[in-house]
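Report on the structure given below.
The values are calculated or read from the model by the stated rules, or taken from the named source; none is laboratory data. As the structure is a computational prediction, the values presented were derived from the model and not from experiment. Here the Cβ positions follow ideal geometry from the backbone for every residue, glycine too, while neighbour counts run over all protein chains shown. Quick note on the areas: whole protein, heavy atoms, side chains included, nothing else; ligands and nucleic acids left out. Shrake-Rupley method; radii C 1.70, N 1.55, O 1.52, S 1.80 Å.
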Amino acid sequence: MPHTHNAASHQKRGAKNNHEFNARRERNRKAEKVREKARQKALRYEETAIRDAEQDFAKKDFANRENAKKDFTKKENSKKDFTKNNKSSKNSVIIPDSAIESRENYSDDVTFTQLGVPDPLVEVLRADGKTTAFPIQQATLPDSLQGANILGRGRTGSGKTLAFSIPLVARLAENFVDLINNGKNSRKNESGDTPAPRAMILAPTRELVHQIDDVIAPLAAAYGMRTVTVYGGVRYQRQVSQLKKGAQIVLACPGRLEDLIRQGALTLEKVMVSVLDEADEMADMGFLPAVTRLLEQVDPNGQRMLFSATLDKQVSTLVNRFLPNAVIHAVDDADSQVDTMTHHIFAVSSGDKYEVLRKLASGCKRSIFFTRTKYQAKNMAKKFLQQGIPAVDLQGNLSQNQRDRHLAVFSEGLVRVLVATDVAARGIDISDVALVVQTEPPEDPKSFLHRSGRTARAGEEGDVVTLVLPNQKRAAHTMLRRAGINAKAEDVNPASPVLDEIVGDAAELQEGWSMPEPEQQKRKGRGRGRGRGHGGHGHSGARKSERKAESKVDRKSERKTERKSIRERVSSRGRGHNNMSKSVK
């Protein structure tokens, strides 16, 4: 009987399980059916959206083609009307082909006087050995001296800095020389008014700011005008102090200049001449919004000049907004090569690469080695130094004082090898750099152009070597083709004769070399009251400052010792008083 009961209960449980299984299967079937309907619905919505998007795209594409046809017609008409000194109404195309001028159109014996440069500036240039103008200067000076907005492009080392420095100083002198001569009491800014410079030059790097300052400061000094450099990495107070002394020309990196304006250290409302040097590089570095905000603050009726070795469409918004009716001068194509520059493309193995670099650094010629990273620059300079080749690095991890010091010992010839990141590609203007070595191909043709431009400057000869590893060949070939470099790649190793031809005479190794202390002297061409060598004291001023600092330290030490002695006497009296109290008790 119990057995029959167990069988019946087992049958009931089995039937129940079957029922639950069938019910679950039915629910899953219905759920899957619902999901399938949702998928089909989503597909229909997607197909509809795609059709609508294609229709919208077709409409927009048709409109764009129509607009492109209209723009093309306008450009063709403008090209027909374009002449050398024509003022374009809109520069949506940065440098049209019709604006490119050949260097053959310019003579080698055109003097600055013939171009209308004022006599005081001609004398300063003559004292520096400059009597005739380069093609980019011949092209732009007649227009810029008359106050026209200028959009200029010239290859590296072609004299662009002087091309905008001369008209800037001449225009300020023409308008403000009486104010400068009669208002010298403003040097100390006793009235407390916010400093208001009359000209602004913006550049992407500190090195380039200094390089421009070296060119323009002697010209400004001819009229009693001062310049001030503004960039990050140094104390604010020094720059604020120089602004308060009455600097008429501010040369700046955009970021620090905006900081000083926010602090109320200066205003740009009286700036009548604005210059953008290497504007496309500033765009690449993310400075374009800051540059736009700064240009919005200057006098809208002032003169604007934009110069660079390369000009691409990133800066077209600046040109269209701030350089209306600009006169365009482009001497040579953007990728034109310097006749005195020789390119070498060397394919090397990773095992041979450093020894090839060491061989290239072993000569007597002054050379710059470019690396991609700050660590590579620091490490390579250290290795060269350990092997008896004096070298310094120039990279972003250095403080401003260190960067100035390293660049100074290189420019003065105390070392012959500089290892740098791209921070130096647009900031070094040293005429006798004979060799540029790119330790690996740069990422883009623009960087290649500016790195290469550190040699073969102002008509001198120079070699550019680019090392390519096996895994870099394809990318390097594409980049070089875009840069217009037709040099044929060749395999090299440390024993290759071509290295000896480039290096020339080997320099004597200097084991244990250390960088000398830089001389503290007044920078060349500065007006009175400038930061370095202020007052013309030179070494005597430096020694006086050192003695003053030492005496200050001594007085501080004496006061500290005296305070310590007083504290000890007071403490001992306190302990004696407590002991007396205990004995009385």
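Structure summary
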{"read-out": "Residues with amide H under 5 Å from that of Q438, placed H, sequence gap 5 or more", "value": "F370, V465, T466, L467"}
{"read-out": "Residues with amide H under 5 Å from that of A330, placed H, sequence gap 5 or more", "value": "E101, R153"}
{"read-out": "Length released on extending from M285 to E443, taking residue separation times 0.36 nm less the Cα-Cα span", "value": "55.4 nm"}
{"read-out": "Computed accessible area, E278, all protein chains, 1.4 angstrom probe, square angstrom", "value": "10 Å²"}
{"read-out": "Over region 336-503: Rg over Rh, Cα atoms, Kirkwood Rh", "value": "0.93"}
{"read-out": "Spacing of the two label points (7 Å from each Cα toward its C-beta) at N486 and Q314, in nm", "value": "2.9 nm"}
{"read-out": "Check: region 458-517 dipole with +1 on Lys, Arg Cβ and -1 on Asp, Glu Cβ, in debye", "value": "840 debye"}
{"read-out": "32 Å Cα-Cα threshold exceeded, pairs from K130/K473; K245/K446; K160/K245", "value": "K130/K473; K245/K446"}
{"read-out": "Share of carbon and sulfur in the accessible heavy-atom surface of region 336-503 [1.4 Å probe, %]", "value": "47 percent"}
{"read-out": "Heavy atoms of K244: accessible area, 1.4 Å probe, square angstrom to 10", "value": "100 Å²"}
{"read-out": "Stretchable slack from R235 to D109, in nm (0.36 nm times residue separation minus alpha-carbon distance)", "value": "40.8 nm"}
{"read-out": "Approximate spin-label separation E123-K382, in nm, with each point projected 7 Å along Cα-to-Cβ", "value": "5.3 nm"}
{"read-out": "Cα Rg over Rh - region 429-482, Kirkwood", "value": "1.01"}
